[in-house]
1. Using the Kirkwood radius over Cα pairs, work out the Stokes-Einstein diffusion coefficient for the stretch 269-412 at 4 °C and 1.567 mPa s, in µm²/s as a whole number.
2. Using only the alpha carbon atoms of the stretch 17-157, find the Kirkwood hydrodynamic radius as the inverse mean reciprocal pair distance, in angstroms to one decimal.
3. Put +1 on the Cβ of each Lys and Arg and -1 on the Cβ of each Asp and Glu in the chain; which of Gly35, Phe256, Met63 then has its Cα farthest toward the positive end of the dipole?
4. Report the local net charge at Pro397: Lys and Arg +1, Asp and Glu -1, summed over other residues whose C-beta lies under 14 Å from its C-beta.
5. Using modelled amide H (1.01 Å from N, peptide plane; none on Pro or chain starts), what sits under 5 Å from the amide H of Leu186, excluding residues fewer than 5 places away?
6. Taking 8 Å as the Cα distance limit and 6 or more residues as the minimum spacing, I'd like the relative contact order of the stretch 206-246 as a percentage.
7. Arrange the peptides 291-301, 10-20, 322-332 so that the one whose residues have, on average, the most other Cβ atoms within 10 Å appears first.
8. Translational D (Stokes-Einstein, µm²/s) of the stretch 197-256 at 10 °C and 1.306 mPa s when Rh comes from the Kirkwood sum over C-alpha pairs?
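Since every read-out is calculated from the coordinates, none of them should be taken as a lab result. The shown structure was predicted, so the numbers you read here are calculated from the model rather than taken from an experiment. Backbone-built Cβ (ideal geometry, glycine too); neighbour counts: all protein chains shown.
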Amino acid sequence: MRQGQAMTLPQAVTRYAAQLHAGHTGGHAIDSPLGAWLLVALAAPAAPPGSPAAAELEAALGMPAAEAGALAARLLGDPHPAVTAAAAAWTAPEVQTPALRRWAEGLPAGAPHTPVVPTQAQVDAWADEATGGQIPRFPLEVTPATLLLIATALATDVRWREPLRPAPAAELGPDAPLARDRTQVLTAAWDSDHAVVRARRSGVAALVAHPSTTGLLVVSLAAAPDVAPADVLADAHELAVTLARDPDSLDRVDAFELPLADGPVVGVTERVAQLPVPETHAVQHQAFLPAWRAESRHDLLELQWPGVPAAVVALADLLRDQPDPPPLEAEAVQAAVGSFTREGFRAAAITAIGVRAAGMPWHQEGLLREVTLRFGHPHAVVAVAVDETGGPWHGLPVFSAWVARSREVGAD
């Protein structure tokens with residue numbers, strides 16, 4: 001992106017994800033940077049223009065608050081066929097301050113405001129419905145002290161166009177940590193995109209992109225085991241967006257430029273084979289990946305996810321716009337789940353901020369070069385929405401995971 005050029009939404013979310021993952025230590029986890037970005041975008045108008053909170057929010061969003069709000073409204077109002085998106089806000093009737101009412105009236109139709117705090121059962125039902133049952137309980141506890149809740153929910157449940165075949169776990173390599181205690185792994189389907197790529201931070205890496213039946217492209221990226229997880233995750237986001245929006249620009253490595261070696265991520269062998277005339281050289285790829293499932297809960301204030309602390313300040317200040325405001329405390333969390341199986345990919349995330357009164361409880365013959373891509377070491381996975389009509393979801397990263405634990409194939 002040229003200096004001074006406005007960011008597209010996929011660029012903004014990719015940048016946000018890189019900031020969010022900067023301190024990733026390699027633990028098995030799943031998250032949704034988009035879910036957090038949406039929450040920050042909905043909260044941003046609460047900050048007075050020119051205030052430090054407004055500046056922090058716009059820096060996190062990568063664009064002016066009004067622009068981010070309009071994009072959030074488009075995403076919520078024009079859902080992708082593979083992604084369920086929802087948002088909502090609730091506030092207690094005793095804190096309907098002028099500032100809060102102005103902010104609530106500006107929320108898009110896809111993020112309705114209710115001037116009553118729901119019960120735990122009601123907000124759990126909202127979470128269950130918004131995620132198709134993947135997250136049956138809202139990640140924050142509602143108590144009598146709760147004054148404000150705002151949340152976003154994203155969910156997907158897609159099937160591969162071609163189911164993945166099982167393979168012996170040994171195909172991941174002799175020292176692959178994700179093959180330990182496993183008997184089977186998965187073989188990437190014939191219609192997936194297999195490539196060795198040059199990634200901006202990770203260098204030469206293995207990439208497989210699995211297409212779903214409903215327009216979600218799930219991209220797995222594995223780099224050398226000594227590359228930092230944050231770098232692999234950042235590259236995975238960038239490459240997933242590139243594959244969705246401009247696949248011809250992907251920096252693929254010619255297999256005949258690769259050394260003949262059996263590495264932990266990329267293995268290259270060569271043999272004489274019968275090739276169609278007039279071909280003298282050919283390349284054949286195969287890829288092996290583990291099945292996996294992840295479930296995570298992230299404390300967004302402790303982790304200092306971009307824009308979230310400022311969003312909490314701005315929202316709490318809405319409640320202080322009254323005589324003798326109560327002391328306040330806040331919590332911000334994201335609960336996320338995801339799984340990668342023979343049949344498809346499922347994931348969901350709820351990102352929420354809660355503000356409550358302080359002091360209350362928190363609860364031819366020629367050479368055939370064969371390239372094997374192995375995802376037996378911890379690696380990144382990014383799911384990116386694809387919309388050939390060029391709608392607002394096109395090229396937008398929705399979920400990301402760092403796969404540090406595998407699961408037995410068939411244990412769905």
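1. 64
2. When all Cα pairs of the stretch 17-157 are included, the Kirkwood radius is 16.2 Å.
3. The one lying farthest along the dipole's positive direction is Gly35.
4. Cβ neighbours under 14 Å give a net charge of -2.
5. Ala167, Leu289, Ala291
6. Numbers: 30 pairs, mean separation 13.0, N = 41.
Relative contact order for the stretch 206-246 comes out at 32 percent.
7. Top of the packing list down: 10-20, 291-301, 322-332.
8. Working: Rh = 11.9 Å.
It comes out at roughly 134 µm²/s.
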